[in-house]
Structure formats: C-alpha cells, structure tokens
Amino acid sequence: MIQLETERLRLREFTLDDAEDMYHYAKDARVGPMAGWAPHRSLEETKEVIQLFIAEQDVWAIVLKDTGRVIGSIGLHERKPDPAVQHEAQREIGYVLSPDYWGKGYVPEAVREVQRYGFEQLELERIWCGYYSYNDRSRRVVEKCGFTYAFTKQQQLTRLDGRTVDFLVYMIQQPTP
Ligand SMILES: CC(C)(COP(=O)(O)OP(=O)(O)OC[C@H]1O[C@@H](n2cnc3c(N)ncnc32)[C@H](O)[C@@H]1OP(=O)(O)O)[C@@H](O)C(=O)NCCC(=O)NCCS
C-alpha cells in the first residue's frame, strides 16, 4: 500500500507489530460499536483483523508522527452503496480513532488526505462516507470534510447485536479542475 502523510500523521500499512496499539482502542466499548463491530475480546482477535487488513490492502494504520504509535485506522473500500450509481469509479471511506485522541481533528486530517489520494491518484469520480444515525461525532467529521448527504439506508448490525439501524450515506465528487 502507498504511504500517505499529513502534517501530524502518517498513514501506512498495518503490521502484526501494531497489534498492541490497535487492541488498546479496539477493545474499547466506545469505538467498534459506533462503526458496527463488537469490541475485540483478545489480542489474538486483533491480530486476525490486522491479517485481514494486510490481505485486503484497503486499510491504513493512522500513526501519530510525534510518537510513532498507531492511534486508529482509515479504509478506502471497494463499495458501491447506490444501486443507481454503478458505472463510476468510486470507493467508501471508513475510520476509527482511539478515544485517547478524540477531538483534535486527526480523523478529518486523515480523511482529507485520503480524498486527495483517491481523486488525484486513483482518479475516483466519487467517494462515499457514512455513519449510523446516532453517531454525532462521525457526522461532524463527514460535514467538516465536504461530503454532502445522499440517502439513508437500513442496515443490520450483523457484527454487533443484529439490530437494524439507519445508516446515513454521504458523498463527495471529484473536484472539477
Ligand atoms: C468519529 C471519530 C472518528 C472522530 O474522530 P476525531 O479525530 O475525534 O474527529 P474530530 O476531532 O473532528 O471531532 C469530531 C467531533 O467529536 C466531538 N468531540 C470533540 N472532542 C471530543 C472528546 N474529547 N470526546 C468526545 N467527543 C469529542 C465533537 O463533537 C467533534 O465535532 P466538532 O468539531 O464539531 O467539535 C471518533 O470519535 C471515533 O473513532 N469514534 C468511534 C468510532 C466511529 O464512530 N467511527 C466512525 C464510524 S462511521
């Protein structure tokens, strides 16, 4: 995976050496459930997830440059959430951050760099991003990063508790030169 950089962050491929850092936030009940997955129950589970990230090559580790620690993750996934828009080059961004670092604008900073990479280097036409209706923090990220509301879909939380909830889908289009 290509490595990306912002003022305060480095976005790079995960390695199994990141398991301890990731487990620290992945076991936290404030993190996974907001993104639709259950908190991790063991370091082993975190290692399995990292192996998936490495295999699929679509998730970066968010590294704080000051400390070199992994504080979250950001993905650029191959998804086409709107049945009416199947022809365009498109991806969907997803992210989580350790609660120790919330409120400092780190995820918006990472999202803007992934948008730039997606549009300039991957030549995407559209990038999606969404959140569950009760996730006000993620709503703020989406709003601050220039996405506009597209539609709401019902989603079953199969990796959490099976509830069906509203998922608000937003998008941003490739800027015209
Ligand atoms: C959503 C999330 C990624 C935001 O990341 P972040 O880097 O903290 O983003 P920001 O710094 O822009 O803060 C976003 C909002 O969080 C809230 N916030 C700020 N400081 C906070 C703090 N210390 N504690 C809790 N929330 C805080 C504010 O509402 C802020 O919006 P504002 O800019 O209008 O004040 C992070 O909260 C998170 O990982 N949440 C759990 C997982 C998740 O929801 N993932 C997204 C799934 S769609």
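The values are calculated or read from the model by the stated rules, or taken from the named source; none is laboratory data. What you see is a predicted model, and the numbers here were worked out from it, not measured in a lab. Glycine gets a Cβ as well: all are built from the backbone with ideal geometry, and neighbour counts include every protein chain shown. Protein only, heavy atoms only, side chains kept; ligands, DNA and RNA dropped before computing areas. Shrake-Rupley method; radii C 1.70, N 1.55, O 1.52, S 1.80 Å.
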**Request:** Please work out how much accessible surface SER73 shows to a 1.4 Å probe, ignoring ligands, DNA and RNA, in Å² rounded to 10.
**Result:** 10 Å²
**Request:** Take peptides 104-113, 1-10, 149-158 and line them up by average Cβ neighbours within 10 Å, highest first, as a rough protection proxy.
**Result:** 104-113, 1-10, 149-158
**Fill in**
Candidates GLY36, GLY103, GLY94; GNM for the chain (alpha-carbon contacts under 10 Å) flags as most fluctuating GLY103
**Asked** Once a ≥ b ≥ c are taken as the square roots of the eigenvalues of the Cα gyration tensor of the chain, is the result rounded (a/c under 1.5), prolate (a/b larger than b/c) or oblate (a/b not larger than b/c)?
**Response** oblate
**Prompt:** Please state the relative contact order of the chain as a whole percent: Cα pairs under 8 Å, 6+ residues apart?
**Reply:** 19 percent
**Request:** Quick one: which residues, 5+ away or cross-chain, put their amide H under 5 Å from the amide H of LEU124? H built at 1.01 Å from N.
**Result:** PHE119
**Request:** Kindly flag which residue pairs out of LYS104/LYS153; LYS80/LYS153; LYS104/LYS144 have an alpha-carbon separation exceeding 18 Å in this structure.
**Result:** LYS104/LYS153
**Message:** Through the Karplus equation 6.51 cos²θ - 1.76 cosθ + 1.60, θ set to phi - 60°, convert the phi angles of segment 118-125 into ³J(HN,Hα) values in whole Hz; use x for Gly and Pro.
**Reply:** x, 6, 7, 9, 8, 6, 5, 9
**Shape category assigned to segment 88-177 from the gyration tensor of Cα positions, a/c cut at 1.5** = oblate
